[in-house]
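The values are calculated or read from the model by the stated rules, or taken from the named source; none is laboratory data. Only a predicted model underlies this, so the values are computations on that prediction, with no experimental measurement involved. Because the Cβ atoms are built from the backbone with ideal geometry, glycine has one as well, and the counts that use them run over all protein chains shown. Accessible surface areas use protein heavy atoms only, side chains included; no ligands, DNA or RNA. Shrake-Rupley method; radii C 1.70, N 1.55, O 1.52, S 1.80 Å.
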Amino acid sequence: RQTRQAKTPISIVKNVRENTGPLVEWLLQHYLKQMDQFEVSERTLGLPMGKVHWKSLGLKESWKSLEGLLLWSIEQEAPSSLLEIIWSYMEDPVHAALAAASACRETAEREHGYASYYDTLAKKELDDAADRFERLAVLVVEDLAQTGKGVEYLFQESMRWQVSGQGRTCFKFAHELGCKMFVSATFYRLAVDLYWITPVPFHITKRQLNTKILSWWDILGVLWKFQVCGFSLWEFLSIPSSQAWTHGVSRAAFVGLYSYAVFYRLLTFGGISLVEALLFFWGLGLGYVEIKQLESNGFQAHINDFWNVLDAL
């Protein structure tokens with residue numbers, strides 16, 4: 001916090017920080033390879049500055065390359081001009097902008113969640129920086145959309161932003177980080193519509209399910225004659241719209257069968273009944289699905305989803 005005795009030194013430090021942009025840009029222009037090998041860790045920067053606290057991809061002991069430098073600079077509350085210079089040299093600019101927006105908001109909540117005048121100003125500055133990064137991400141994808149590659153780009157994985165060793169697509173990344181401005185953009189809604197009716201793994205050139213059969217009666221009816229859709233059974237069941245209905249029916253049937261067994265005391269007899277065996281293996285199947293989701297999403301993103309917590313209960 002600022003004190004009266006510290007006002008002058010802080011103003012000098014702030015002036016120096018604001019003029020580091022040209023120096024960093026010069027370093028990135030002439031020594032990009034060396035800067036990209038930079039490692040942010042307690043070993044290289046010491047305690048407590050060498051730790052990146054942003055945990056949306058899970059806590060890491062160290063962050064390498066420009067990704068780590070950008071996140072570390074955000075948590076050190078570097079000027080926005082410096083942050084945007086670093087961002088402009090990133091290999092995956094949309095992923096980086098979304099991560100930067102999330103890191104700005106998380107830093108604002110963690111470091112400036114108080115009601116003082118200083119904290120209010122600092123929090124607003126970080127929130128404004130987050131909004132700017134989201135707008136940058138939107139502008140990049142909108143430019144790509146004009147060439148017809150916007151939706152396709154959303155589903156390209158970035159190995160620089162990984163969860164449990166798996167690359168993340170902008171489509172999934174934005175949703176996990178809660179980037180509302182990005183997910184409300186027209187190109188994102190179009191991507192959602194296509195993803196909803198396309199077999200997994202998504203590709204824009206794949207055949208899509210006819211939108212005329214998206215009601216649950218039609219979906220359940222097609223299960224008996226799925227060939228009419230032009231998909232194999234596995235492809236048909238991998239379509240997100242099909243999964244939504246079949247998983248919903250499966251869970252409702254499981255709860256109904258379990259409730260029936262409890263109310264009619266079918267689980268109180270000695271030995272193993274058919275209902276008990278069915279419920280056991282059904283429960284194992286549901287548990288396996290949750291474990292696969294946990295591995296794919298990462299622990300932090302998984303537990304932040306209310307429905308996943310409800311499923312675990």
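Look at segment 89-112: where a residue is over 14 Å from residue 55 (Cβ atoms) and a partner is among the basic types (Lys, Arg), sitting 6+ places away or on another chain with Cβ atoms under 8 Å, you get 91/160; 92/160; 95/160; 95/168; 108/123; 112/123.
In segment 81-97, is there at least one residue being touching a strand residue (DSSP E or B) at 6+ places or on another chain (Cβ under 9 Å) and loosely packed, with under 15 Cβ neighbours inside 10 Å?
yes
In segment 230-244, the residues that are at pLDDT 80 or above reach residues that are open to solvent by 10 Å² or more (accessible area, probe 1.4 Å) and not in a helix (DSSP H, G or I) with C-beta atoms within less than 8 angstrom, at least six apart or across chains, in these pairs: 238/200; 239/197; 239/200; 239/231; 240/197; 240/200; 241/197; 241/214. Among the conditions (1) of a type in the set (Phe, Trp, Tyr); (2) modelled with pLDDT of 85 or more; (3) closer than 25 Å to residue 172 by Cα, the only one that residue 254 does not satisfy is (3). In a residue-by-residue description of segment 114-121, the property of being touching a helix residue (DSSP H, G or I) at 6+ places or on another chain (Cβ under 6 Å) and over 23 Å from residue 204 (Cβ atoms) applies to no position. Considering only residues in segment 168-206 that are of a type in the set (Ser, Thr, Tyr) and outside any helix (DSSP H, G or I), the one that is surrounded by the most Cβ atoms within 10 Å (Cβ to Cβ) turns out to be 198.
Taking the condition in contact with a Pro (Cβ under 8 Å, 6 or more places away or on another chain), small (Gly, Ala, Ser) and at negative phi, does residue 137 pass?
yes
For segment 26-45, the tally of residues that are open to solvent by 20 Å² or more (accessible area, probe 1.4 Å) and either over 17 Å from residue 88 (Cβ atoms) or within 25 Å of the chain's Cα centre (by Cα) (or both) stands at 9. In segment 142-161, the residues that are closer than 27 Å to residue 68 by Cα form Cβ pairs under 8 Å with partners that are among the basic types (Lys, Arg), at six or more places apart or across chains, as follows: 157/168; 158/168; 161/168.
Condition check: part of a helix (DSSP H, G or I), at pLDDT 85 or above and open to solvent by less than 70 Å² (accessible area, probe 1.4 Å). Does residue 281 satisfy that? Criteria not met by residue 281. With respect to the stated conditions, residue 300 fails to be at pLDDT 80 or above and among the polar types (S, T, N, Q). Evaluating residue 165 against the criteria (1) open to solvent by 20 Å² or more (accessible area, probe 1.4 Å); (2) free of Cβ contacts under 8 Å to residues at least 24 places away in the same chain; (3) under 24 Å from residue 77 (Cβ atoms) leaves one unmet condition, (3).
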